[in-house]
1. Any chance you could give the angle, 0 to 90 degrees and rounded to 10, that helix 212-226 forms with the longest Cα principal axis of the chain?
2. So which of LYS69/LYS264; LYS260/LYS284; LYS144/LYS264; LYS151/LYS247; LYS151/LYS264 end up more than 27 Å apart by C-alpha?
3. Enter the angle in degrees (range 0 to 90, nearest 10) between the Cα long axis of helix 178-189 and the first principal axis of the Cα atoms of the chain, meaning the one along which they spread out most.
4. Of the labelled options [x] 16.3; [y] 15.4; [z] 22.2, which one gives mean projected area of the Cα convex hull in nm² as computed for this structure?
5. Taking the Cα centre of the chain as the origin, how large is its charge dipole in debye, to the nearest 20, when only Lys and Arg (+1) and Asp and Glu (-1) carry charge on their Cβ atoms?
6. What is the helix-to-structure angle for 240-255, meaning the angle in degrees between its Cα long axis and the longest Cα principal axis of the chain, kept from 0 to 90 and rounded to the nearest 10?
7. Rounded to the nearest 500, what is the chain's calculated 222 nm mean residue ellipticity when only DSSP H runs of at least 4 contribute -39500 (n - 2.57) each, over all residues?
8. Got a number for carbon plus sulfur as a percent of the chain's accessible area, 1.4 Å probe?
Amino acid sequence: MNIHHLPVLLEAVTESLKLTENGIYVDATVGLGGHAEYIKEKIGTGGRIFGIDRDDDALEIAQKRLSDKRVVLRRGSFSDMESLLSKEGISEVDGILFDLGLSMLQLKSPGRGFSFLSDERLDMRMDREQRFSAWEVVNKYPEKELVRILKEYGEERLSGRIAKAILRQRSKKTIDTCSELSGIVEDVYGGRGRLHPATKTFQALRIEVNRELEQVRAGLNAASGLLKKGGRLCVISYHSLEDRIVKHFIADGSREGKLKIITKKPITASSEELRTNPSSRSAKLRVAEKI
């Protein structure tokens, strides 16, 4: 697919990473390679970039976009970055970037089952080799667990009513498609508002399927171990659950004398960027430096 991709907070990220000509940098969520492409232009011939992603489709596109001997791409989870880099003989790096958002490739590519606007089978796996999908959550989780993830991961105020509606429907037949599920949620809400009523439900399912919050915690710990003294950690998050984890991780690191807080408040998109790239509206960048 021809996916138009604008990397979020690009200038802020590249400034915050303090790029040096011979530095080693990790794009822990390389996606389609937007940030990595710009980083590549800012480092010298002795610099290196390691890109990591769980999504094979994204890596294939990034490989074509970033084709360069200075760039190494690896399939895997960023929580495993220490072992992935050790295989390349790397034990410390100058900067690490996490961009925790869902890519347009995942939303728009056929068969991925992320979008509540599609008629595709419920899926939402970032790693397509993983067997567990949103279909299993919706059709097999007990009511209590559905309520928990909708409330905890979606911050959904109608979690109980939505869970009951799901159980009623699946007692008649399985809920197979994104549009079926979004229709159930819409009925609970009694229509649509400014924000589609299924937004929070789909966020909760995606987080559960991909174990996103556990992955973020593990990834931050791995990053802290890999950064050299003076190395920068840059994390872009898009919802309060992720941002809270990042904020607390950096604050804890500061109290323990391991990290210096660079951004007292998160960096957000300028009005100009919001006009050209609406997907940046909820992005928050937090930056820390290894002490």
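The values are calculated or read from the model by the stated rules, or taken from the named source; none is laboratory data. Values in this document were obtained by computation on a predicted structure and should not be read as measured data. Counting neighbours? That spans all protein chains shown, and the Cβs are built from the backbone with ideal geometry, glycine included. To get the accessible areas, we keep the full protein, side chains included, count just its heavy atoms, and leave off ligands, DNA and RNA. Shrake-Rupley method; radii C 1.70, N 1.55, O 1.52, S 1.80 Å.
1. The helix 212-226 is inclined about 10 degrees to the chain.
2. Cα-Cα > 27 Å for LYS69/LYS264; LYS144/LYS264; LYS151/LYS264; rest within.
3. The angle comes out at about 70 degrees.
4. [y]
5. Here the chain has a charge dipole of around 660 debye.
6. With both axes taken from Cα atoms, the answer is about 40 degrees.
7. -12500 deg cm²/dmol
8. On the chain, the fraction of accessible area on carbon and sulfur atoms equals 48 percent.
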